Amino acid sequence: MSKLLVILFFFFIILPVYSFDLPVSRIPDDSQLRHRMRDTWMLETPTRVLNQRPRTEILLSGERVQISTVEGREEFMVVFSRELMRGTNINNRRSTGSFPGWAQGSWMLVRRKDTGVATQIRIYLRSDQNAHIQFRPFDTDKSQMDVIIYGAYIARAIPVAIPFDRLYTIPLNDILRLVDDKFPMKYFEPDINSYRDTRNFITQVRTHLGDLRFADDGAIDENGNFVFIENLQTQSPQTAGLNCSGFIKWLIDGILRPVTGRRFPITPLKEPFGERGSAFTTIWEESRDVFFGLDWIRNLAAEANSVLRTPAHRALEEFEVRQDNFSLLRVNRNNTFATHSYPGFMNEAGYGIEGLYPLLYTLAINEPFSFYLAAVSQEIATPTSPRGTPRLRQYYHVAALVPYFDELGNFRIVVFESADETSFTAFRNRYPEHHISLVKIPVPSRFEP
């Protein structure tokens, strides 16, 4: 898209995110207001529209809407910005005085500055600047609808059997009825109560992090002793700690020990699990430890799913994440949004990290009682490799990713790694152009490391 949307992106991103959203069907209707503003804001010449002063109108529901414009180099946007509200009872909603542009129900029309032609309508169904629907003209009688979640096209070019300019004034729910089952409503209406155990699990893990420290190659064995993963020798009490792999084992031990009464031994976690590699990679496995991270999380996931679900869930296809929930991404390249294809799951690589944010969002909706162990990989040659050593995909870091919705309905991702909690942004930026393999773990009701 144009640089206008890049301006809006950075404008939105600095604002606080909080919400008490209504079900989409109960969003107060603003179609009468848009009908009254149609001639002066949507059809008037660009120069006159851009000279308009912002104004605030009140809907029949009593909620306020701020009407304004945002100007870019080639386009401008007419924004019907809803006031951010608190309270899920439509008869007892409290105003905040904030009009961020992405509050639930906000509506936007993009027009060209030179011709005034409208090119897009954007509507926010949740108070989340990263989740919206948009409409584009197709021909004189039809329009197209896209569903964009955290930069991913969850649905693309859904046909809408009405002219684009008719969308200026039609009620939102009438539009959604036209697309019916083609619209994935579930991604805009998370059940907040479904994430209660996840929020509790996060809190429990956090209370124990202060007792840990990082130590290279460190883990806790089945007897509760701090040892080195490579040779199982005891660590010095003065420096004992956990590395990324040992920390993830500590996490899963804390989930399973209340059920099994024991910790898991270290040696079985190093064993190959499932299909991976080939005759070509086999000769390098010992010297390069190519699949260590992948085998480690698969073995932990097999044990966790077997204990917390059923032994049948020990199979790789039961817990490895292989969903392809989207195939297109909107990527910001040099301050311009462009659409790129996204291959989704690839055997023995997982997912490109550029699509991890929307992937975790869709997983949180589809699997609200799960979190994920991640193995980070990249095709590399070791720095000390002799000349001619091949580049191989190597799994050299593991972490736990916990996507969920908080009590206010905001999407969050907690990252636990290397005996600490880090931000998802830091995790993602640390591994540009890497791939992530994910395995699913049931969210526990108890955590006792």
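Some notes on this structure:
- Of the residues screened, Arg213 is one that is among the basic types (Lys, Arg), modelled with pLDDT of 95 or more and not assigned by TED's automatic domain parsing to the domain that holds Val24.
- Given (1) part of a helix (DSSP H, G or I); (2) within 30 Å of Glu354 (Cα to Cα); (3) in the same structural domain as Phe80 (by TED's automatic domain parsing), number of the condition Ile202 does not satisfy: (3)
- Contact map, region 437-448: residues that are among the basic types (Lys, Arg) paired with residues that are part of a loop (DSSP other than H, G, I, E, B), Cβ distance under 9 Å, separation 6+ or inter-chain. Pairs shown: Lys440/Val321; Lys440/Glu367.
- Among the residues of region 424-449, those that are in contact with a helix residue (DSSP H, G or I) (Cβ under 9 Å, 6 or more places away or on another chain) and of a type in the set (Gly, Ala, Ser) comprise Ser437, Ser445.
- Test: residue in region 425-435 that is of a type in the set (Ser, Thr, Tyr) and touching a Phe, Trp or Tyr at 6+ places or on another chain (Cβ under 8 Å): no
- Subset of region 205-249 [assigned to a helix (DSSP H, G or I) and in contact with a strand residue (DSSP E or B) (Cβ under 9 Å, 6 or more places away or on another chain)]: Val205, Arg206, Leu209, Cys244, Ser245, Gly246, Phe247, Ile248, Lys249
- Single match in Tyr361, Tyr372 (criterion: among the aromatic types (Phe, Trp, Tyr), assigned to a helix (DSSP H, G or I), modelled with pLDDT of 90 or more and within 13 Å of the chain's Cα centre (by Cα)): Tyr361
- Among the residues of region 23-74, just one is among the β-branched types (Val, Ile, Thr), in a strand (DSSP E or B) and over 15 Å from Ser106 (Cβ atoms), namely Ile58.
- Count of residues meeting criterion [outside any helix (DSSP H, G or I) and not hydrophobic (A, V, I, L, M, F, W, C)] in region 167-190: 5
- Pick from region 323-358, criterion under 14 Å from the mean Cα position of the chain (by Cα) and assigned to a strand (DSSP E or B), ranking: farthest from Val398 (Cα to Cα): Arg330
The values are calculated or read from the model by the stated rules, or taken from the named source; none is laboratory data. No experiment lies behind these values; they were computed from the predicted model shown. Cβ sites come from the backbone with ideal geometry, for glycine too, and all protein chains shown count toward neighbours.
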